[in-house]
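Read the structure below first, then the notes.
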Amino acid sequence: MSEITPEVVAHLADLARIALTDDEIQKLTGELGSIVDNVAKVSEVATPDVPATSHPIPLSNVTRADVPGETLTPAQALAGAPEHASDRFKVSAILGEEQ
């Protein structure tokens, strides 16, 4: 049997400064009571010999090794640039004369 009563729900609503109607209090009494009952059922099964899990399937790290690969040469990198100066990208100033 749940220990959630309409008085408990009304008290919690008052603490949270939530205005509830009588119908809302009755509805929440049943819903919160059901939640408390279900948590109690899980607590009966969760004994110290049952390990806690965050996921039902064991997961492992799936990242690859950080190995350097082939990189572009400066000429290859600049080949698609609209403008470049020497071995650098050339862009127009966006701040104007405020610099």
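The values are calculated or read from the model by the stated rules, or taken from the named source; none is laboratory data. Worth saying up front: this structure is predicted, and the values here are computed from it rather than measured. So basically every Cβ, Gly included, is an ideal-geometry build from the backbone, and we count neighbours across all protein chains shown. Heavy atoms of the whole protein, side chains included, go into the accessibility calculation; ligands, DNA and RNA do not. Shrake-Rupley method; radii C 1.70, N 1.55, O 1.52, S 1.80 Å.
Brief remarks on what is shown
- Amide H contacts under 5 Å for His84, placed H, 5+ residues apart: Lys90
- The sum of -39500 (n - 2.57) across all DSSP H runs of n ≥ 4, divided by the residue count of the chain, sets its helix-only mean residue ellipticity at 222 nm to -12500 deg cm²/dmol.
- Rounded to 10°, Cα long-axis angle of helix 6-15 versus longest principal axis of the chain: 40
- Expressed as a fraction of 2.2 N^0.38 Å, the value expected for a compact globular protein of N residues, the C-alpha radius of gyration of the stretch 1-47 is 1.30.
- Loop-located GluC sites (Glu not before Pro) in the stretch 3-41 (DSSP state not H, G, I, E or B) with no more than 14 neighbouring Cβ atoms inside 10 Å: Glu3.
- Within the stretch 1-70, trypsin sites (Lys or Arg not before Pro) in DSSP loop having at most 10 other beta-carbon neighbours inside 10 Å: Arg17, Arg64
- Per residue, the chain exposes 94 Å² of solvent-accessible protein surface, assessed with a 1.4 angstrom probe and all protein chains in place.
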